[in-house]
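Report on one structure; see the data block that follows.
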Ligand code: 5GP
């Protein structure tokens with residue numbers, strides 16, 4: 001049986017503004033912010049506002065709004081962080097590597113010969129996250 005959405009998750013609290021984040025962009029469909037435990041410089045999360053636990057219960061219409069934003073953020077992140085490539089990741093359920101149960105996509109800048117750091121390792125310095133959010137915001141040409 002597929003588990004249902006539980007609003008008591010950290011990204012729901014960020015969406016409500018109850019918990020702060022290093023925000024890059026927000027529109028009516030999604031919010032984009034820096035991952036606090038980046039696996040690479042500029043690791044960014046795209047979080048649709050609609051409630052769904054993960055891809056398995058997501059409304060296809062939500063995915064249709066996220067895909068163009070995903071591409072936009074990937075292109076901007078490659079430029080902003082001088083990356084050689086971008087990994088897009090998305091995890092479903094604990095066995096699939098998911099730790100936060102609100103649908104989200106990882107945009108991770110990659111560099112030739114540099115392996116990814118471990119998923120969910122230590123917290124990045126907030127000054128670094130703020131500076132990276134600013135770089136990505138500038139590359140996106142987003143205004144807040
Ligand atoms: P998942 O394994 O669910 O795809 O990944 C969840 C991601 O959320 C992890 O990469 C983790 O570092 C990140 N994360 C967990 N808690 C917070 C938080 O409070 N703020 C932010 N910005 N990222 C978080």
*Computed over the range 10-143, Cα set: Rg, Dmax in Å*: 13.9, 39
*Calculate how steeply helix 126-140 sits against the longest principal axis of the alpha-carbon atoms of the chain, using the helix alpha-carbon long axis, and give the answer as 0 to 90 degrees to the nearest 10.*
90 degrees
*Who wins for biggest fluctuation among 50, 58, 94 in a Gaussian network model of the chain, springs between alpha carbons below 10 Å?*
94
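If you average 1/r over all unlike Cα pairs in the range 20-75 and invert the result, what Kirkwood radius do you get in angstrom?
Evaluated on the range 20-75, it is 12.0 Å.
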_Which three extents, in angstrom, do the Cα atoms of the range 77-139 have along their principal axes, listed largest first?_
34, 27, 21
*In what sequence, highest mean first, do 32-42, 129-139, 83-93 appear when ranked by Cβ atoms within 10 angstrom?*
32-42, 129-139, 83-93
*Taking only Cα atoms and a 10 Å spring cutoff, compute GNM fluctuations for the chain and point out the largest among 106, 126, 43.*
126
*What's the angle, to the nearest 10 degrees (0 to 90), between helix 60-80's Cα axis and the longest principal axis of the chain?*
20 degrees
*Tell me what the chain gives for mean residue ellipticity at 222 nm when only DSSP H runs of n ≥ 4 count, each as -39,500 (n - 2.57), the sum divided by the residue total, rounded to 500 deg cm²/dmol.*
-9500 deg cm²/dmol
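Here, each number is a calculation from the coordinates, and none is a lab measurement. Just so we're clear, the structure is a prediction, and the values are computed from it rather than from any experiment. Glycine gets a Cβ as well: all are built from the backbone with ideal geometry, and neighbour counts include every protein chain shown.
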